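What follows is a short report on a single structure.
What follows is calculated from the coordinates using simple rules that are stated; it is not laboratory data. If you're wondering where the values come from, they're calculated on a predicted model, not measured in any experiment. Neighbour counts are summed over all protein chains in view; Cβ atoms, including those assigned to glycine, are modelled from backbone coordinates with ideal geometry.
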Amino acid sequence: MRVTRYTDYGLRVLMYLSVQGQGRCTIREISQAYGISRNHLMKVVQQLAALGYVDAVRGVGGGISLARAPERIRLGTVVVAMEPDMDLVECMRPGGICVISSACRLAGALDVALKAFIDALNQVTLADLTEPATADSLRLLLKVDESPLLPEC
C-alpha cells in the first residue's frame, strides 16, 4: 500500500495545525514550512475542510485551524477519506477484469492486508503524532510560533 502525495500533504497540514494549537495559519505559511506548492495545498485544504477536519475562514484575519481535537482524528479514517483509490489490484476495482478472477484468491488476501493497514493507522491519532515532546521538535523544524497573541502562526 502506498499513500499518495495528496494524502501525505493532508496529514502534514493536520500535523502543522495540531502543533500550532488554537491559532489560525495560512496556506502560504504551511506551504513555505514544508516546501510544498501553495496551489496544491489549497486543494488539499479544501478537501480537509469538506471532510470536517479543518475550519477555513476567508479574508483578512482568516486562515485555517483544526475543526476537531487532535485526539479525535484517527489516521486511518483520514487516509481512507483522502485516498482516491484503495483498490490495490485491477480485480478489486469496480468493473475490473482479470482472466483468473474466478479462481484467484489474491484479491481476498490483499483486502485482508488493506484492512489490517487501515486498522493499524486507526490505532494512531493526530494527538499521538504531535504529543508535547514531539510537538516541540516539530515547531522548531517547521519554524512554528505558538504565541497565542498572534492572529496567524
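Give me the dipole magnitude in Debye, nearest 20, for region 9-86 about the Cα centre, with unit charges on the beta carbon: positive for Lys and Arg, negative for Asp and Glu.
Working: 9 positive and 5 negative charges, 37 e Å.
The calculated dipole for region 9-86 is roughly 180 debye.
A crude spin-label estimate for the pair Ser65 and Val112, with each label 7 Å from Cα along the Cβ direction, gives 4.7 nm. With the simple spin-label model, which puts each label point 7 Å out from Cα in the Cβ direction, the Ile97 to Arg58 separation comes to 4.5 nm.
On the basis of the beta-carbon distance and an R0 of 22 Å, Gln32 and Asp128 show a calculated FRET efficiency of 0.25. A full extension of the chain between Cys104 and Met86 corresponds to an added length of 4.6 nm, given 0.36 nm per residue minus the alpha carbon distance.
Taking Rg/Rh (Cα atoms, Kirkwood Rh) as the quantity of interest, determine which of (i) 0.95; (ii) 1.07; (iii) 1.04 was computed from the displayed structure. Read-out from the structure maps to (ii).
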